[in-house]
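Everything on this sheet refers to the single structure shown next.
Only the coordinates and a few stated rules stand behind these numbers; no lab work does. Being a predicted model, the structure only gives us computed values, none of them experimental. Using ideal geometry, Cβ is built from the backbone for each residue, glycine included, and neighbour counts are taken over all protein chains shown.
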Amino acid sequence: MFTALDGVAQMPDPIARAQAISRVLKDQAERNKRFYELRRQVVLDLREQKVSYRKIAATLGVSLGTVQDIERGSGRWSARPKKDDAS
């Protein structure tokens with residue numbers, strides 16, 4: 001997959017390259033929604049099995065806060081207040 005994306009970046013015709021990039025970006029935006037939900041379902045399934053946030057974070061290679069955000073369905077993490085905002 002990454003090799004194919006690298007191939008797009010190396011296309012010699014700048015117009016064709018820009019058109020291909022536009023198609024890739026549009027498609028990826030649509031796929032991201034599905035990917036977030038697929039990952040969220042894994043987190044929900046693991047939490048239902050009483051797996052700790054820390055273990056899920058380590059397994060998925062994300063932070064503990066990210067796992068909590070995923071479980072809450074906080075989208076792209078924007079709903080969680082920053083440390084500075086909490087005071």
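Estimated from the Cβ-Cβ distance and a Förster radius of 41 angstrom, the FRET efficiency linking residue 47 and residue 9 is about 0.60.
Of the DSSP H helices in the chain, those that are both long (alpha-carbon extent of 24 Å or more along the helix axis) and hydrophobic (Kyte-Doolittle mean at least -1.0) are 14-48. The P(r) of the chain has a tail past 23 Å containing 46 percent of all C-alpha pairs.
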